[in-house]
């Protein structure tokens, strides 16, 4: 307790907390649309592509974050265009893009004579090294994504729920899909500082997976997922401070822990409810009764 | 003369070079209720999708309310009811949330829903008899109730034309009756209907004209044909082997 109180006096800890909270709120607000359209792992793929941007940034001594935003956006738009074509080669194209992205990133980082700890910071997150400028970037981009995801909820819901119907409703389906692709790229890049390229998808997907076990509607799922993301972000940084664990991994571990707890509670609750009002219908009789026993 | 709502002129559609619609021409005028009949694989669903601009024509033209479908923008005048709700992704959505999507054609993307939207959703739910299920997740509804949800979604946009793809396939009797009533209300209000059906059932009295599609051609356009042979028996249990279900899952090649 002592140690944690002391730690939060330092600015770097406060900055880490603020970033984690913003990302915890934003990632599930976007992730719910990705889960809804069965693209739960797209964030992971775009993270791989972003790594090439990081490598290019380190090599050419420009901002790795800006280069990552550019690479991730280009990657996300390409993936969306491949998806739109909807042909069987789509997943192979995605595989090429993903592994090309991560391999390119590692090669470029190697060429730039950065240390491997520098690469690790992007792979697994390094919140405690976030500067005020970094946090300001995270806040501005995170808010923009959040406004788009909440403000356009009816339209984005319609497109992700039933794309064909959205088309016949005259919605700008392609523009909305590209918006989702670009905001995914932005979210991946800002979350890269916090949880790292390899763990980003967890923050987009796990809170949604947790929330949907107990919610009944889309809107309530979104709200609950954002609350869970906020909790995981805050509690993860606190845990990192107290137990001296890696902040990014702590956030993800807590998100998954809440998934397990909620799943068990929901299963127990369902069993209780089923048991109370009326007994379950009698099982169908066996077609063959084995003698003996 | 009543204005044409839908026209198809020498429409040809092929998938991967295999022709599905070979030469189809038809006209639906305002206030008509037209059924497109035909066996599985006759091309009747493709016809509907071509009319909506969801599949491109290889030749011929389609117009909606007098405009070529490619340049048609007044989608709030059209309500589309697909064959079924897409396989759920696990993210829950309430019946009211799905129905509310029907308002987007009228409201646009940027404007938040207002009172008129909420009232139209409530009215559409009432029309299909699902008011008491509004807050339930769609996934907990029966197949027939899900179909009614999709009809309510189309009705919520207050369209002038309803286009329905097999609205009664695999739907329980209660839902078929609810659906026939909703359709009657819609036509009494002056609406135009084009629906694809395998069999008409309780919809029979509502239908004004039938177009039979056979192997990509229009085989009949006029009065609703009487069922013949054992199909005519009132207790005929109309069960056909349908196409194999797509295995929706991790390993499906879609």
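Of all residues in segment A:114-156, count the ones that are free of Cβ contacts under 8 Å to residues at least 40 places away in the same chain and within 14 Å of another protein chain (Cβ to nearest Cβ).
So the count comes out to 6.
Please enumerate the residues belonging to segment A:235-252 that are under 12 Å from residue A:194 (Cβ atoms) and assigned to a helix (DSSP H, G or I).
Matches in segment A:235-252: A:236, A:237, A:240, A:247, A:248, A:249, A:250, A:251, A:252.
Would you pick out the residues in segment B:113-139 that are within 12 Å of chain A (Cβ to nearest Cβ), outside any helix (DSSP H, G or I) and under 13 Å from residue B:156 (Cβ atoms)?
B:113, B:134
Examine segment B:75-95 for a residue that is part of a helix (DSSP H, G or I) and under 30 Å from residue A:207 (Cα atoms), and state whether such a residue exists.
Within segment B:75-95 (the criterion being part of a helix (DSSP H, G or I) and under 30 Å from residue A:207 (Cα atoms)), the answer is yes, since at least one residue qualifies.
Can you tell me which residues in segment A:104-119 are at pLDDT below 80 and surrounded by 12 or more Cβ atoms within 10 Å (Cβ to Cβ)?
A:114, A:118, A:119
Filter segment B:30-41 down to residues that are over 18 Å from residue B:161 (Cα atoms) and surrounded by 22 or more Cβ atoms within 10 Å (Cβ to Cβ), then give me how many there are.
Qualifying residue count for the region: 2.
Return the residues of segment A:157-172 that are assigned to a helix (DSSP H, G or I), under 21 Å from residue A:29 (Cβ atoms) and either more than 7 Å from every other protein chain (Cβ to nearest Cβ) or more than 22 Å from the chain's Cα centre (by Cα) (or both); say none if nothing qualifies.
Result: A:159, A:160, A:163, A:166.
Can you tell me which residues in segment B:30-68 are under 15 Å from the mean Cα position of the chain (by Cα), within 16 Å of residue B:4 (Cβ to Cβ) and part of a strand (DSSP E or B)?
Within segment B:30-68, B:33, B:34 qualify.
Is there a residue in segment A:76-91 that is in a helix (DSSP H, G or I), modelled with pLDDT of 80 or more and buried (at least 24 other Cβ atoms within 10 Å of the Cβ)?
Within segment A:76-91, one or more residues are in a helix (DSSP H, G or I), modelled with pLDDT of 80 or more and buried (at least 24 other Cβ atoms within 10 Å of the Cβ).
Scan segment A:186-209 for residues that are over 10 Å from the mean Cα position of the chain (by Cα) and in a helix (DSSP H, G or I) and jot them down.
A:186, A:189, A:190, A:192, A:193, A:194, A:209
Which residue is modelled with the highest pLDDT, if the candidates are limited to segment B:190-204 and must be over 12 Å from residue B:177 (Cα atoms) and surrounded by fewer than 21 Cβ atoms within 10 Å (Cβ to Cβ)?
B:190
I need the full set of residues from segment B:77-97 which are more than 15 Å from the chain's Cα centre (by Cα) and either within 7 Å of chain A (Cβ to nearest Cβ) or over 15 Å from residue B:157 (Cβ atoms) (or both), in order please.
Within segment B:77-97, B:87, B:88, B:89, B:90, B:91, B:92, B:93, B:94, B:95, B:97 qualify.
Does residue B:69 satisfy the criteria of being within 14 Å of chain A (Cβ to nearest Cβ), in contact with a strand residue (DSSP E or B) (Cβ under 9 Å, 6 or more places away or on another chain) and within 30 Å of residue A:210 (Cβ to Cβ)?
In short, no.
Quick one: would you say residue A:231 is under 18 Å from residue B:107 (Cα atoms), outside any loop (DSSP other than H, G, I, E, B) and in contact (Cβ under 8 Å) with a residue 40 or more places away in the chain?
When the stated conditions are applied, residue A:231 does not pass them.
Does residue A:34 fit the bill of being at pLDDT 85 or above and within 17 Å of the chain's Cα centre (by Cα)?
Yes.
The values are calculated or read from the model by the stated rules, or taken from the named source; none is laboratory data. Just so we're clear, the structure is a prediction, and the values are computed from it rather than from any experiment. Using ideal geometry, Cβ is built from the backbone for each residue, glycine included, and neighbour counts are taken over all protein chains shown.
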